[in-house]
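Scroll down for the structure; my scribbles are underneath it.
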Amino acid sequence: MRKSYHIPLSLVLLFIFSVDLKAQEGPEKTTAYGVSRETHLGGSRIYTFKNTDVVGSPLLNDEFKNGRFLFKSNNQSDIVPINYDLEQNQILYKKDGQILILENENIKGFSFELPDDFDSSENIQEVYTLELTDKEFGFAETIPVQVLYNQNGAIKLFALHTVKFVRGNRQDPFTGKITNRYKNDTEYFLETPDNKLHKLGRLRAKEIIKTIGGDSKKELNSFIKQNDLDDKSQKDLVNLLAYYDKKITVSNQ
């Protein structure tokens with residue numbers, strides 16, 4: 001029978017942003033979004049999978065998903081459909097049938113609502129922060145980074161989503177068209193107790209344990225076996241990191 005080392009995900013998310021969130025009220029508060037009048041449907045760019053000339057999309061998600069913006073004022077927005085343009089580094093949301101660009105100076109991040117199949121899924125809630133600086137990642141500008149684990153402790157886990165536009169160089173022999181492609185990629189980073197950021201080869205428990213290294217390897221591998229943790233499950237990785245985080249905290253006391 002599978003054992004579990006359980007940490008409520010709600011606590012994880014509270015620690016991620018460390019704020020006492022207060023919902024903004026009513027549509028009159030939408031001015032706090034700092035909305036640009038520019039819509040994201042103009043010009044010659046193609047953002048859908050349906051166009052025969054472009055395969056893929058520069059957007060984080062195939063469809064807009066309901067979520068909330070988290071403001072520096074420690075407030076959060078009402079639920080709105082949100083997406084993120086990886087190519088243009090623009091946070092998008094829908095209002096009154098339009099796709100609008102959010103000015104991100106006044107927000108600290110955003111999160112998506114839990115999907116209907118969350119309880120049976122191996123993924124944690126999607127939460128993104130805008131508060132990581134170029135000290136961690138070498139960013140030239142603020143970029144949303146997914147927070148997979150952060151309880152303000154000794155270890156943190158992040159995911160950086162990127163996209164690359166690749167122009168085609170061959171014509172289809174039947175249609176004569178050249179197909180361009182968007183290639184999406186995700187890089188994972190583990191911040192260790194020495195405050196160093198390490199890029200992981202892939203999101204696996206084995207990669208995390210290898211990066212942590214030292215005398216903890218044997219103990220963490222034993223914890224995985226004892227609790228029958230899935231090497232690929234985000235929720236199980238959170239349990240593993242929470243266990244290690246607690247161990248570090250106790251040893252430093």
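The values are calculated or read from the model by the stated rules, or taken from the named source; none is laboratory data. Note that the structure is a prediction, hence the values are computed from the model and not measured. In this analysis, Cβ positions are derived from the backbone assuming ideal geometry, glycine residues included, and neighbour counts consider all displayed protein chains. These accessible areas exclude ligands, DNA and RNA; they are computed on the full protein's heavy atoms, side chains included. Shrake-Rupley method; radii C 1.70, N 1.55, O 1.52, S 1.80 Å.
Working carefully through the options Lys206, Lys232, find the one that is in contact (Cβ under 8 Å) with a residue 24 or more places away in the chain and assigned to a loop (DSSP other than H, G, I, E, B).
Values: Lys206 fails: assigned to a loop (DSSP other than H, G, I, E, B).
Going through Lys206, Lys232 in turn, just one is in contact (Cβ under 8 Å) with a residue 24 or more places away in the chain and assigned to a loop (DSSP other than H, G, I, E, B): Lys232.
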Q: Mind listing whichever residues of segment 155-195 are surrounded by fewer than 17 Cβ atoms within 10 Å (Cβ to Cβ), farther than 22 Å from Leu60 by Cα and in contact (Cβ under 8 Å) with a residue 40 or more places away in the chain?
A: Thr175, Lys177, Ile178, Pro193
Q: Please work out which residue is modelled with the lowest pLDDT, limiting yourself to segment 234-248 and to residues that are open to solvent by less than 70 Å² (accessible area, probe 1.4 Å) and over 13 Å from Leu157 (Cβ atoms).
A: Ile248
Q: Give the number of residues within segment 113-131 that are over 22 Å from Asn152 (Cβ atoms) and touching a strand residue (DSSP E or B) at 6+ places or on another chain (Cβ under 7 Å).
A: 1
Q | Within segment 79-100, tally of residues that are part of a loop (DSSP other than H, G, I, E, B), in contact with a strand residue (DSSP E or B) (Cβ under 7 Å, 6 or more places away or on another chain) and surrounded by fewer than 19 Cβ atoms within 10 Å (Cβ to Cβ) | A | 2
Q: Output the residue which, of all residues in segment 145-164 that are under 13 Å from Val238 (Cβ atoms) and β-branched (Val, Ile, Thr), is modelled with the lowest pLDDT.
A: Ile155
